[in-house]
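Chemist: First the structure, which I've put down as structure tokens, then a few questions once you've had a look.
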Amino acid sequence: MASPQENDNKPETIITLKSYDGEVIEVPEIVAVLSVTIKNMVEDGCAGGVIPLEEVDAETLSWNLIPTNIAKFIMNKRMGTVRKLFGIENDYTPEEEEAVMREHQWAHEEGVESDED
């Protein structure tokens, strides 16, 4: 699997989904493949056009995209910035925070915005 840095150089692939009641929604592939069914279709080359979701209505499909929009909003932002945006108190000790940063070093490298003051 490619590292996050390698994926930054590729244009975002958009997948088009269609609910059973006719709503068409475009989502980033990285989000669409969180569904195992859609992931299999993409891997099998069946996602060239619109992917029909015969068991999902438009309301459900749209509601499930709210977390996607939040994820896109906080993408490439540092922990301190996200905490500030959502009013999250930092309950890590300095040692715990350092350990998390070491463990997820890729998230603190190129392409990630600096914390806002």
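The values are calculated or read from the model by the stated rules, or taken from the named source; none is laboratory data. As the structure is a prediction and not an experimental result, all values here were calculated from the model. For neighbour counting, all protein chains shown are included, and Cβ atoms are generated from backbone atoms with ideal geometry for every residue, glycine included.
Chemist: Based on this model, can you work out whether Glu96 counts as modelled with pLDDT under 85 and either of a type outside the set (Val, Ile, Thr) or assigned to a strand (DSSP E or B) (or both)?
Modeler: No, not satisfied.
Chemist: Separate question: Scan the helices (runs of 4 or more DSSP H) fully inside the range 21-82 and keep the ones with 3 or more residues being within 30 Å of Trp106 (Cβ to Cβ).
Modeler: 29-32, 36-43, 66-74
Chemist: Could you check Ile70 against (1) exposed (fewer than 11 other Cβ atoms within 10 Å of the Cβ); (2) over 21 Å from Thr16 (Cβ atoms) and say which number it fails?
Modeler: Among (1) exposed (fewer than 11 other Cβ atoms within 10 Å of the Cβ); (2) over 21 Å from Thr16 (Cβ atoms), the lone unmet condition for Ile70 is (1).
Chemist: For a quick check of your reading of the model, give me the residue pairs whose first member lies in the range 95-111 and is surrounded by fewer than 12 Cβ atoms within 10 Å (Cβ to Cβ), whose second is at pLDDT 90 or above and charged (D, E, K, R), with beta-carbon atoms closer than 6 Å and at least 6 apart or on different chains.
Modeler: Pairs that qualify, where the first residue is surrounded by fewer than 12 Cβ atoms within 10 Å (Cβ to Cβ) and the partner is at pLDDT 90 or above and charged (D, E, K, R): there are none.
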